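K.L.:
One structure follows; several queries about it will come next.
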Amino acid sequence: MPPSPLAGIRPHRFLSVIAATLLLSGCAGSQSFMHPAGDSARTVMTLAWVLFAGAAAIFTLVMALAWQGARRDGRAIDARRWVIVGGFLFPLVVLTVLLGFSTWHSRQLTQAPSGDALVVGVTGKQWWWEVRYADPHGGTTVVLANELRIPVNREVYLGLETSDVIHSFWVPALGGKIDMVPGRVNHLRLRADKTGTYRGQCAEFCGSQHALMALHVVVQPPEEFAAWLAQQARPAAEPSSAMLHSGRQAFFDHNCASCHAIRGTRAAGHLGPDLTHVASRLYLGAGTLRNHRQALSHWIADTQSLKPGARMPSFGHIDDETLAAMAAYLDTLR
Ligand code: CUA
């Protein structure tokens with residue numbers, strides 16, 4: 001028999017490696033349910049710990065019984081009593097208590113929103129997120145992408161849809177996850193109580209670039225949020241130099257407007273993200289690249305190597321000068 005791969009590893013070392021793996025795997029700060037920044041996430045974390053403690057207690061008990069059984073010294077047991085008590089009554093009581101506790105404890109997750117809740121629409125797409133806010137000035141809906149901004153300490157009610165396959169909206173630090181199912185609008189209630197930037201991730205396999213379908217949620221003080229939303233509702237800035245003009249012209253010449261909208265110009269495509277304020281976002285390509293001017297030209301020229309299978313083709317044939325002007329123009333859309 002070949003030696004076990006674990007032979008020679010002392011049990012306490014083995015156990016500490018397992019413990020460290022379990023502890024560290026969930027510790028990436030901005031995307032961790034163990035660092036809750038809102039009431040829904042705190043509810044989920046308490047539930048998780050209670051269920052984990054329940055499971056650990058049952059596991060310990062079963063292992064103790066198995067150990068006892070393995071070293072049994074021939075004494076007969078009352079099988080009928082073990083089946084009724086251990087196999088029926090014990091799980092019935094434990095599961096009923098856990099079900100009762102989790103239903104009671106998680107009741108606020110499914111509450112209807114209060115009157116002053118901020119309502120935001122989010123649509124999952126292969127592989128990015130369209131985000132819609134009501135225009136604070138009463139105009140048309142403000143359409144954004146891949147970034148959700150919300151005011152701290154205010155209830156947020158999300159309407160979640162998909163325009164293609166099933167996606168799942170999950171920002172672990174702010175709340176539980178919920179699927180986005182074709183033909184349905186699902187809802188999620190959040191209230192963040194700490195400002196900061198939290199990472200979310202599509203949590204349902206939705207095709208080859210599922211992993212590059214991230215979303216950032218920026219929680220801001222109310223006045224900062226209001227200023228941000230007012231700015232997002234404005235049309236795009238006009239180019240202020242000849243070079244920026246040529247960048248915008250190149251955007252039209254290469255048919256970018258058939259997929260992208262830039263409010264205030266004739267670009268009104270809706271297959272890809274709205275770019276009216278693209279430069280104000282933290283990331284490009286749903287978390288693929290940090291957003292800055294070089295990243296914009298990199299993304300335009302190499303889309304298919306950065307995110308193979310994305311709907312946008314690579315525009316690697318555009319000459320460097322034109323590409324630089326396009327990226328410079330897009331970088332003014334704040
Ligand atoms: Cu969208 Cu996974």
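K.L.:
Kindly check whether there is at least one residue in the range 52-72 that is buried (at least 17 other Cβ atoms within 10 Å of the Cβ) and part of a helix (DSSP H, G or I). Break it down into steps so the answer makes sense when it comes.
P.N.:
Within the range 52-72, the subset buried (at least 17 other Cβ atoms within 10 Å of the Cβ) is none.
Checked against the condition, which is being buried (at least 17 other Cβ atoms within 10 Å of the Cβ) and part of a helix (DSSP H, G or I), the range 52-72 yields no hits at all.
K.L.:
Do the conditions hold for E155, that is, is it more than 16 Å from the chain's Cα centre (by Cα), among the acidic types (D, E) and surrounded by fewer than 23 Cβ atoms within 10 Å (Cβ to Cβ)? Spell out how you get there, then give the answer.
P.N.:
Details: more than 16 Å from the chain's Cα centre (by Cα): yes; among the acidic types (D, E): yes; surrounded by fewer than 23 Cβ atoms within 10 Å (Cβ to Cβ): yes.
When the stated conditions are applied, E155 passes them.
K.L.:
Could you please tell me which pairs satisfy a Cβ distance under 6 Å, a separation of 6+ or placement on different chains, a first residue in the range 319-334 that is on the phi < 0 side of the Ramachandran plot, and a second residue that is of a type in the set (S, T, Y) and buried (at least 18 other Cβ atoms within 10 Å of the Cβ)?
P.N.:
That search, which allows pairs on different chains as well, returns L323/S297; A325/S246; A327/S297.
K.L.:
Scan the range 284-297 and give yes if some residue there is aliphatic (A, V, I, L, M) and assigned to a loop (DSSP other than H, G, I, E, B), otherwise no. Steps first, please.
P.N.:
Of all residues in the range 284-297, those aliphatic (A, V, I, L, M) come to 284, 286, 289, 295-296.
From the residues that got through so far, the ones that are assigned to a loop (DSSP other than H, G, I, E, B) too are 286.
Taking every residue of the range 284-297 in turn, at least one turns out to be aliphatic (A, V, I, L, M) and assigned to a loop (DSSP other than H, G, I, E, B).
K.L.:
In the range 122-129, is there at least one residue being of a type in the set (V, I, T), surrounded by 10 or more Cβ atoms within 10 Å (Cβ to Cβ), modelled with pLDDT of 90 or more and within 27 Å of R189 (Cα to Cα)?
P.N.:
Within the range 122-129 (the criterion being of a type in the set (V, I, T), surrounded by 10 or more Cβ atoms within 10 Å (Cβ to Cβ), modelled with pLDDT of 90 or more and within 27 Å of R189 (Cα to Cα)), the answer is yes, since at least one residue qualifies.
K.L.:
Can I ask one more? For the range 91-209, please list each of the strands (runs of 3 or more DSSP E) lying entirely inside it that holds at least 3 residues being within 16 Å of the ligand (Cβ to nearest atom) and on the phi < 0 side of the Ramachandran plot.
P.N.:
Details: elements: 118-125, 128-133, 142-145, 147-151, 155-162, 167-169, 178-180, 186-191, 196-201.
Fully inside the range 91-209 and qualifying: 118-125, 128-133, 155-162, 167-169, 178-180, 196-201.
K.L.:
So in the range 217-237, with the set limited to residues that are under 18 Å from the mean Cα position of the chain (by Cα) and surrounded by 21 or more Cβ atoms within 10 Å (Cβ to Cβ), which one is nearest to the ligand (Cβ to nearest atom)?
P.N.:
Going through the qualifying residues, I end up with V217.
K.L.:
Turning to a different aspect of this structure: Pick from the range 76-91 the residues that are among the aromatic types (F, W, Y) and under 12 Å from L65 (Cβ atoms): which of them is surrounded by the fewest Cβ atoms within 10 Å (Cβ to Cβ)?
P.N.:
Residues of the range 76-91 among the aromatic types (F, W, Y): 82, 88, 90.
Now drop any that are not under 12 Å from L65 (Cβ atoms), which leaves 82, 90.
Working: W82: 11, F90: 13.
Filtering first and then ranking leaves W82.
K.L.:
When you check A237 against the structure, is it assigned to a loop (DSSP other than H, G, I, E, B), farther than 20 Å from F315 by Cβ and hydrophobic (A, V, I, L, M, F, W, C), yes or no? Explain how you work it out, then say what you get.
P.N.:
On the way: assigned to a loop (DSSP other than H, G, I, E, B): yes; farther than 20 Å from F315 by Cβ: yes; hydrophobic (A, V, I, L, M, F, W, C): yes.
Judged against the criteria, A237 is a match.
K.L.:
How many residues does the range 308-324 contain that are assigned to a loop (DSSP other than H, G, I, E, B), under 25 Å from M243 (Cβ atoms) and small (G, A, S)?
P.N.:
Summing the residues that are assigned to a loop (DSSP other than H, G, I, E, B), under 25 Å from M243 (Cβ atoms) and small (G, A, S) in the range 308-324 gives 2.
K.L.:
Let me ask you something else. From the list G269, G264, which residue is under 17 Å from T140 (Cα atoms), surrounded by 14 or more Cβ atoms within 10 Å (Cβ to Cβ) and in contact (Cβ under 8 Å) with a residue 12 or more places away in the chain? If you could, list the steps in order and put the result at the bottom.
P.N.:
Working: G264 fails: surrounded by 14 or more Cβ atoms within 10 Å (Cβ to Cβ).
Residue meeting the stated conditions: G269.
K.L.:
Let me spell it out: the conditions are (1) more than 20 Å from S280 (Cα to Cα); (2) out of contact with any helix residue (DSSP H, G or I) (no Cβ under 8 Å at 6 or more places or on another chain), and T195 meets all of them except one. Which number is the exception?
P.N.:
Of everything listed in (1) more than 20 Å from S280 (Cα to Cα); (2) out of contact with any helix residue (DSSP H, G or I) (no Cβ under 8 Å at 6 or more places or on another chain), T195 misses just condition (1).
The values are calculated or read from the model by the stated rules, or taken from the named source; none is laboratory data. The structure displayed is predicted, hence computed values, not measured ones. Counting neighbours? That spans all protein chains shown, and the Cβs are built from the backbone with ideal geometry, glycine included.
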